[in-house]
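*Asks:* Before anything else, here's the structure in question.
All of the numbers you see were taken from the coordinates with simple rules; none came from a lab. Because the structure is a prediction, the values reported are computed rather than measured. Here Cβ is always computed from backbone atoms with ideal geometry, including for glycine, and neighbour counts include all displayed protein chains.
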Amino acid sequence: MAGSTDLTKQVESLLEDPSQTILMAMKLSKNQASWTVAGRRGRLQSKPRILAIGVRRKEGAGKQKPKIHIIKPGPQGLELLKSYRLGALTSIELVSSDTTGRSFLLVFDERTDSSQPQWTTRTVDDRNQLVFLLLKMCKDYLKTLPKVIGLDVVDLALWAKKNAKSLPGGVRLTEEGESEAVGVESESMMAQDSLVSKVEEEDMEALLGTYVIGIDEAEAFSERLKRELGALEAANVHAILESEALVEEVVDSLDEAAGRVEDMENWLNVFNVKLKHMRDDIESIEAQNNMLEMQAKNNKKLLEELDTLLESLYIPPQCIRVLGSGSLDEAAMPNTLEAVGWLVDAVKRLEPPQLDQNYVNMRAVREKKSELDSLKNGFVRRATDFIRTFVSSTVEAAAKSQRGPPDHRELHRRWSAYSQLIQCLKELDPNVLDNIRRTYIHSVNMLLRREAREFSTDLRASARVSAKTSTAPPFLEQGGSTLPPAADSQAASDACAKMLRAFLPLISEEGLFFQQFLCFAPAADEDEEPLSDEDAAALAAAAEQLFDGIQEDFVAMVEWAYKVDPLRCITLVGQTEAWQQQQQQLQLQHGADAGGCGAVITRKLLLELETRIRQNFFRYVEEANGQIERYDRGVKQAGVLSYVPRFAAMAVRMEGLITNSCRDLVDQAYNKLVSTMFSTLDRIAQIDPKHCDVLLLENHAAFQNSTYDLAGTIPTLRLFYQQSSETYETACTRYIDSVIFGNFDKLFDYLQKIKNLLLTIETEEIPFQIGFSKADLRKVLKSQLTGVDRSLNSMFNKMRKNLTSGDLLPSLWLKCQESFMERYEELEAVVAKCYANEAISPSSREMRDAFNSIVA
């Protein structure tokens, strides 16, 4: 047999799938026709192949999946070409042209190409073995059998029974996926059962028993069946010959029926010709009726079109009268709007697409269109002149009669009566809007500028500021305070606030009305598309012209308030930021276009004002900073520099003026001014090192005392307060050391020398060193401590003389006492340790009492 154990192992190693078991591997050849250059099928080409049959167990499913593998042998080893499911095998066909019986076809439903390869085994036994195994696996695993064409299944069963011993043992997979071998004898016992059922076998044995033929005498049984088939066919022919008379009678009847059919065909031809003429007549009559019906419909449609055209060409006399010479006053506006509406519709009806293109060149249409154009042009010109004159006259009247805060509600009410008329004029001739817009912009701009100028002048006059407003007061003014009166400062701030409250809502309302009144805004219909980019640009340019120049009066108010009180810039920044937040909330609630172009101008104006106010404030801070930098006085007469208390007073005022989010503005001023104050103080102190520490500690103490409350709540000042405290402590330490060493320098120098010796020698050796004997000690103590009360009084008087402020003397003298007593007690301990039986007089207790007596 072609299958071998070695070939099976080679195939298993090629697949490298432990879950798959190869049942059989057989060498055979693949024959497939090739195509020549002429497009004809050539001879068959034979290629060696290996056909392997295996079973793969699915993990977790407990099922076996049989497959057929086609493998190509080569010099590099085996190569897997294709794998087919056994369930895809539909038929096994024996090639009839092969006389040897070794060639067959395996037909799969998975193949997409039309040509099926031809397989040829080495022997017929190999073919039988392969076909037998395929049929058996189909029955075991699939419960269905493919078609077998050209091969007798009974012969295959007989062959399997005859060659049961030479057949290889099969393989059955257990439920755990392990292979279980089946013996050759059991395989041979099941060979016939796998191809023929038991019932079929019993029927076949009964049939063979009637002929006294055994189950293995297939050829004799076939010959017997062929002889019986020939006998049956001869009997059928004999029966046909015996019924000849009946056949002739039937033929005569058929001939008679054919003659009658021919006669009927002739009559039908005659009737068909007559019916054809009738059909032609009917079609002619129908065509004429259709033409008449179509003509009637066309005439009716034509009459309807003519009625519609005549209706569109009709011009009512009352419309001609109203549009030609009718009044345009507010009382007559309903009739005017009705006539203008009719005119707009009439013009549209005579224009494509409402008017059919075929009617455009009709003479009647052209004449009526010319008449409508003349009527339209005359009315548009008359209405445009009326609206321009009406707007100018109402603005002049309002400018003469209005006093106090501006109010345009009456103007808007009167103008709104003509808004629909302007919409109709836009539809009739969009170019007329430019003239109306120019007149409106010029008139309203002059009114707004005049109102802003007069209102700002009235606000400044009513404020009654007593201070001179030519320039802002300097930070370091000689001979007086830099702070203006509180009433003047508050009045200036209130005047600016009134200016904003009066005009900012007015600008928003005026811009929105302008946008709607002069056809910049979409109609009230929600489905109306927004403004195009071109219209939006035109609206922005028109809004700039409408409110051009009004910002000058706002800037003048800001400059005036700055000159009255520069610190009021903080309040003004808070006011502008509050208005900006209000505008932002409107945008969030009603969208980016809320308020129209007026809101855009308002936001732009507020931003410009805030920038100007911040510039003014920082200009004042820069001027104050410059005055501090240029500050220069003698050190001895300096004391507390003047800018220290003035800064504290200014800081208190600024904190009282902070509103909203002005903290960053004030913090920037603090950083600028305090940094310059400290640097200027250090520069002045370096001029005379002898009085440097006194100047530093007095000024830093004054800074801390004046900003103590503010530093507790303001992070920026808290940092400068800490920096000032460190500088104050350092200056105090240096000054106290200079005062102490001015009177007791030898005493504490001797102490320092002893401490240096103790680092290298023992305590008992100190009295034996040169210059450190007991006699030397007594000499130093006598020279420094004799008349110690006078020395302490001298120290106190010197401190009182150096300090310009008596408030610092008690705390500074207490620091001096602590520093002195710390050194003195250390000297007393060193003397007791190094010099036996030697004591310092006065003792540390007596020295502390001497200090306290001076304070008392």
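*Asks:* Once you sort the root eigenvalues of the Cα gyration tensor of region 317-430 as a ≥ b ≥ c, which label holds: rounded (a/c under 1.5), prolate (a/b larger than b/c) or oblate (the other case)?
*Replies:* It is prolate, given that a/c is not under 1.5 and a/b is the larger ratio.
*Asks:* What distance in nm separates the two pseudo spin-label positions at Ala331 and Gln581, each 7 Å out from Cα along the beta-carbon direction?
*Replies:* In this crude spin-label approximation the distance works out to 5.3 nm.
*Asks:* A further question follows. Give the residue list of GluC sites (Glu not before Pro) in region 671-774 that are DSSP loop and have at most 10 other beta-carbon atoms within 10 angstrom.
*Replies:* Glu762
*Asks:* While we're here: Just need the Rg to Rh number for region 486-730, please, alpha carbons only, Kirkwood Rh.
*Replies:* 1.16
*Asks:* Mind checking the full-extension length gain between Glu396 and Asp776? Use 0.36 nm per residue of separation minus the Cα-Cα distance, one decimal, nm. Spell out each step's value before the answer.
*Replies:* Values: separation 380, 0.36 × 380 = 136.80 nm, distance 10.79 nm.
Difference between extended and current length: 126.0 nm.
*Asks:* Another question, if that's okay. Whole number please: convex hull volume per residue, Cα atoms of region 746-855, in Å³.
*Replies:* 100
*Asks:* Give Lys30/Lys161; Lys65/Lys143; Lys30/Lys72; Lys47/Lys72; Lys9/Lys72; Lys753/Lys833 a once-over and call out the pairs whose C-alpha atoms are over 19 Å from each other. Could you put the intermediate results ahead of the total?
*Replies:* Values: Lys30/Lys161 29 Å; Lys65/Lys143 13 Å; Lys30/Lys72 10 Å; Lys47/Lys72 9 Å; Lys9/Lys72 15 Å; Lys753/Lys833 15 Å.
Result: Lys30/Lys161 exceed 19 Å.
*Asks:* Mind giving me the FRET efficiency for Gln420 and Ala296? R0 is 56 Å, r the Cβ-Cβ distance, nearest 0.05 is fine.
*Replies:* Here the calculated transfer efficiency is 0.75.
*Asks:* Now for a separate question. Can you return the lysines within cross-link range of Lys376? Criterion is Cα-Cα under 17 Å, with same-chain partners fewer than 8 residues away left out.
*Replies:* Lys348, Lys368, Lys426
*Asks:* For Ala649 and Val365, calculate 0.36 nm times their separation in residues minus their Cα-Cα distance, and state this gained length in nm to one decimal.
*Replies:* Extending this stretch completely gives an extra 93.5 nm.
*Asks:* Taking 0.36 nm per residue of sequence separation and subtracting the Cα-Cα distance, how much length would be gained by fully extending the chain between Asp109 and Glu219, in nm to one decimal? Intermediate results must be reported in sequence, preceding the final value.
*Replies:* On the way: separation 110, 0.36 × 110 = 39.60 nm, distance 3.52 nm.
Here the segment from Asp109 to Glu219 would lengthen by 36.1 nm.
*Asks:* Right, another one. Please report the projected area of region 395-452's Cα convex hull averaged over all directions, in nm².
*Replies:* Result: 4.1 nm².
*Asks:* To continue, here is another question. Compute the distance in nm between two label points, each set 7 Å from the Cα along the Cα-to-Cβ direction, one at Glu729 and one at Ser844.
*Replies:* Roughly 2.3 nm, to one decimal.
*Asks:* Also, I was wondering about something else. Spin-label point model (7 Å from Cα, Cβ direction): what's the Arg718 to Val154 distance in nm?
*Replies:* With each label point 7 Å from Cα toward Cβ, the separation is 11.4 nm.
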